[in-house]
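Just so it is clear, none of the values below were taken in a lab; they were calculated from the coordinates. Remember, it's a predicted structure, so these values are computed and weren't measured experimentally. We place every Cβ from the backbone using ideal geometry, glycine too, and count neighbours over all the protein chains shown.
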Amino acid sequence: MTTVRGVVLAVCCLLVGVAAVDPVVSAPTGSARTPPMGWNSWNAYGCDIDQQKIRAAADAIVAAGLRDVGYEYVNVDDCWQATTRDVWGNLRADPARFPDGMKALADYVHGKGLRFGIYATPGTRTCANLAGLYPGALGSLGHERQDAAVFAAWGVDYLKYDWCRAEVDGVEPRAGFTLMRDALDDTGRAVVYSIHRQPQLPVDSWRPSVANSWRTTGDIAPTWDSVTGIVDRQVGLEVWARPGAWNDPDMLEVGNGALTPDESRAHFSLWAVLSAPLLAGNRLDAMSEDTRRVLTNRDVVAVDQDWAGSQGYRVRDGGDVQVWVKPLSGGDRAVAVLNRGASTATTSVTAAEFGFPGGGGLTLRDLWSGVVSGAEGPVAVTVRPHAAVLYRVSARR
Ligand code: GAL
């Protein structure tokens, strides 16, 4: 199975011109042909999780219409484990937080037409253990095959495998992440495999061959500085992304903390242009209508899920104003004009910056307002402070 996938992957890479990926390692276990979409518990709850909160998130994904636009994974992050393994060495859920166990929770999530994700680490301790936020030391080191088998038996569809200083346990990153990839593969279950190695940069060639996604930065926070700082660190990373293997600028903070509605829309716009996994990180059962509308904007989600040979890349870095372009299938371009500054900016964007170097008439659809306009030459774009305008641009035929 792996060999066939490897061949398919090699052909696919030749077709899209990605030559830099290490050819020795075979393809990862999950498919993730488009960036994974779903929800993860960490940004909303941190360590303070239990089965009721996860069930409530699954309920809300359905009730709020997120499932209908493609959100499917419900992922339990760190702090789900009992502080010791059982007598056979199996991981188990904290009986106080998850009294019905993980299999029952996965069944519940699957019963909603969704998929279930979980969190583990290649060393001996999870990041919350290391940070003193949660007792125990329950990394998968030495238990990789056993843990993968347990996850498969529970019905896990997505694994976030978080480095958490595994080097202190003598783990080498590529070997450690590959070990779990192989263990997952051998279960025969399609599991999306998401890795996070700290420090994150530079992305090395083995990552897209081992995992379906890999974090490119440290943890996001619900602030404008954090979001824009992460955007800065995505420049040039587009060379690594391809169907089945995605750069991960971290989970969404839409609707969290002090982010304003404009900032949330800008954050979501950029993540879509970056072909990022879209993992909501807010309380789905208590979100505002504005937040719900951001997360369920089908036009913006369609930009994220579209693949035409490249994730978006920066074509202008003008201080406060940046322009990012993502080629879309059928020849359209998604274009984000980002204003990081504290006052309204008006800037002229050329046809070449819109991704049409030959010029000609263009049709621009603003994906947040729905307004459609035409252009024959450069376009004056006005962007509010701490905001982005996101267009879908087509050549007028
Ligand atoms: C961090 C990770 C976060 C979260 C946390 C849990 O390393 O970046 O997303 O998973 O660990 O302890």
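So how much slack lies between Thr346 and Asp204, counting 0.36 nm per residue of separation and subtracting their Cα-Cα distance, in nm?
Values: separation 142, 0.36 × 142 = 51.12 nm, distance 3.81 nm.
Contour length minus the Cα-Cα distance gives 47.3 nm.
Ordered by the number of other Cβ atoms lying within 10 Å of each residue's own Cβ, fewest first, Asp232, Asp332 fall into the sequence Asp232, Asp332. With coordinates expressed along the principal axes, the C-alpha atoms belonging to the chain extend over 71, 46, 37 Å, beginning with the largest. Relative contact order, whole percent, for the chain stands at 15, derived from Cα pairs under 8 Å and 6 or more residues apart.
Taking the Cβ-Cβ separation of Gln52 and Leu133 as r and a Förster radius of 30 Å, what is the calculated FRET efficiency to the nearest 0.05?
Values: r = 20 Å, r/R0 = 0.67.
After rounding to 0.05, the efficiency reads 0.90.
The simple spin-label model puts a point 7 Å past each Cα toward its Cβ; for Thr296 and Glu167 those points are separated by 4.5 nm.
Among Pro35, Pro277, Pro95, which one moves the most in a GNM of the chain with springs linking Cα atoms closer than 10 Å? Of Pro35, Pro277, Pro95, the most mobile in the Gaussian network model is Pro95.
Straight-distance candidates among the lysines for linking to Lys103, with alpha-carbon spacing under 17 Å and chain neighbours fewer than 8 residues away dropped: Lys53, Lys112.
For the options Tyr193, Tyr73, Tyr313, a Gaussian network treatment of the chain with springs between C-alpha atoms closer than 10 Å singles out Tyr313 as fluctuating the most.
Going from the fewest other Cβ atoms within 10 Å to the most, the residues Val192, Val393 appear in the order Val393, Val192. Compute the relative contact order of the range 303-397 as a whole-number percentage, counting only Cα pairs closer than 8 Å that sit 6 or more residues apart in sequence. After rounding, I find 29 percent. Most simply put, the chain has about 60% antiparallel DSSP beta bridges, counting only bridges with both residues inside it.
Listed from fewest to most Cβ neighbours within 10 Å, the set His267, His386 follows the order His386, His267. For the chain, modelled as a GNM whose springs connect Cα atoms under 10 angstrom apart, the maximal fluctuation among Asp306, Asp248, Asp186 occurs at Asp186.
The calculated 222 nm mean residue ellipticity attributable to helices in the chain amounts to -8500 deg cm²/dmol, summing -39500 (n - 2.57) over DSSP H runs of n ≥ 4 and dividing by all residues.
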